[in-house]
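The values are calculated or read from the model by the stated rules, or taken from the named source; none is laboratory data. Bear in mind the structure is a predicted one, so any value in this text is a computation, not a measurement. Reconstructed Cβ throughout: ideal geometry from the backbone, glycine too, with neighbour counts over all protein chains shown.
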Amino acid sequence: MDYPSPLVVDPSGSVRHSIVWLHGLGADGRDFLPVAEALRLPPELGVRFLFPQAPRRPVTVNGGLAMPAWYDIYSLEAGAPVDLEGIRRSVAYVQSLVRQEQARGVEPERVVLAGFSQGGLVALAAALHGREALAGVAALSTYLPQAVVPEIAIPRRVFQAHGRQDEVVPLSAGVAARDRLLAQGHQVAWHQYDMGHTVCAEEVVDLRVWLMEALR
């Protein structure tokens, strides 16, 4: 399955860091461009943003309708089977983007993987199954099935945020993901907000603070 080329936004000066930001189910690679702008990261950080685009594929839970998706979703029920093969393909793609950044002069320890919902799961899985050092992972309004968690993973710095009124991915699913990450020894900065399945202004502020620490 082909992955379209990501939208790339370079800083005005030299590139020192990269953030790879994955959208959610049925969305577009450009969806988080306004959020990236709202972060107001200092120009001296030299952050390049990459916004990958998921390929279109049928999604079972949506009646087989084709839409941008990082993997198939069979059911929203707890304990439902997981499209591990689809997740692995997208994880391999994201890891290839990290290697491409390294070839362009940005070492993995200066790369942040970020994602919302489906994209958040893929960002987490790419980090947990990767062997390279990373600056961190930002997982927004997402979940982490037990089948996706490896037995051993390099400890990661993780920013995790979730809405208390999330109507798509319940808060309990985010908490379960947090607890799995903590049990593996990852450094998790957990935040929850009075919002649904979206991103709020307070979250953007907290993410900026975390990124300023991660991208040093």
Q. So, of the residues in the stretch 80-97 that are assigned to a loop (DSSP other than H, G, I, E, B) and of a type in the set (A, V, I, L, M), which turns out to be modelled with the lowest pLDDT?
A. Ala80
Q: Name the strands (runs of 3 or more DSSP E) wholly inside the stretch 101-216 in which the number of residues that are touching a residue at least 12 places away in the same chain (Cβ under 8 Å) and surrounded by fewer than 22 Cβ atoms within 10 Å (Cβ to Cβ) is 1 or more.
A: 157-163, 187-193
Q. Can you tell me which residues in the stretch 79-89 are under 15 Å from Tyr143 (Cβ atoms) and in contact (Cβ under 8 Å) with a residue 60 or more places away in the chain?
A. Val82, Leu84, Ile87
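Quick grid of which residues meet (1) over 26 Å from Ala78 (Cβ atoms); (2) of a type outside the set (Gly, Ala, Ser); (3) touching a helix residue (DSSP H, G or I) at 6+ places or on another chain (Cβ under 8 Å):
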| position | (1), (2), (3) |
| --- | --- |
| Ala176 | no, no, no |
| Gln192 | no, yes, yes |
| His197 | no, yes, no |
| Val204 | yes, yes, yes |
| Ala214 | yes, no, no |
Q.
Exactly one condition in (1) surrounded by fewer than 19 Cβ atoms within 10 Å (Cβ to Cβ); (2) hydrophobic (A, V, I, L, M, F, W, C); (3) outside any helix (DSSP H, G or I); (4) out of contact with any Lys or Arg (no Cβ under 9 Å at 6 or more places or on another chain) is false for Val15; which is it?
A. (4)
